[in-house]
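S.K.: Shown below is the structure under consideration.
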Amino acid sequence: MADGGIVEGIRIDVVRLHETWMELLFPRQRTAVHRVLGKWKPRTRADEIKYYLWGALGVPLVAVLYPLLLVGFAVRFNARRFDSASTRLGVVGVVVLATLVWGLLTALARVRLPETGFLAVAAASVVAVVSAGLAAVFARVGGRGTTVALAYPFAMNAIFLPPVVAALFDPALGVIIEESTDLATFFRDDVFVGPLDPVSDYLSDNYDFEGIVVALMWFCIATPLGWILGLLVTLADLVRPQSVEEQVEAEQT
């Protein structure tokens, strides 16, 4: 991929992202879509002031959103491959594959962990398998809203839950618990502050950070993480639809 192609691809993305911002208030800003009519231009002095002021407000927003847009492109790239694989496998195939993967973890837990740990991992694996199946169902039968609201969160829980539960009982996976503790401390000290101080105090006074609390924390992280990733993919689709992406990739190669 040539450097000029990378620069041109960035330019196209930034322009389309800013045009998307402009189109929130003004018509026909996405010129790639409205080639016949052309881009709308202000005709009065008042419209010019509003037009250029709105455009100036969009510049820092584009600077903030562009790195997130790149994340959206990366997530979409992998999501398409997972979607293609799930389409070939079907919902039943996805469930079978998830059963094999987390079934192996459960079998390993049976050998390495005490009975309580084995039962916890087995229960988490069952939840993960069901979540994987639901993610595949909602991705296939729903529209974009259903995919973002349900498919992505279920997929995140299908990925995160079993290893986190296994780490509660296996010292070899203790790094997961260490990172979880650091993350919980961050939420307590840096997120639940100000008006949310009572939440932090309540959690600290009533719950020890162990066992089911760790699993619940990761469930509470995985669900909004799925929403965030889904929204970033939606932004990527809005700024660079598949047809445009194919064109840009062709120009970059």
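S.K.: Can you compute the label reach from L25? Point 7 Å from Cα along the Cβ direction, backbone N cut-off under 19 Å, restricted to segment 50-75.
M.R.: Answer for this model: 50-65.
S.K.: Could you give me D for segment 74-119, from Stokes-Einstein at 25 °C and 0.890 mPa s, where the hydrodynamic radius is the Kirkwood radius over C-alpha pairs? Units µm² s⁻¹, please.
M.R.: The estimated diffusion coefficient comes to 199 µm²/s.
S.K.: Shifting gears a bit: Please compute the modelled spin-label separation between D83 and W227, points set 7 Å along Cα→Cβ, answer in nm with one decimal.
M.R.: With each label point 7 Å from Cα toward Cβ, the separation is 2.1 nm.
Quick note: the coordinates plus some simple rules give every number you see, no bench work behind them. Owing to the predicted nature of the structure, the values given are computational and were not obtained by experimental measurement. Positions of Cβ are backbone-derived with ideal geometry, glycine not excepted, and every protein chain shown enters the neighbour counts.
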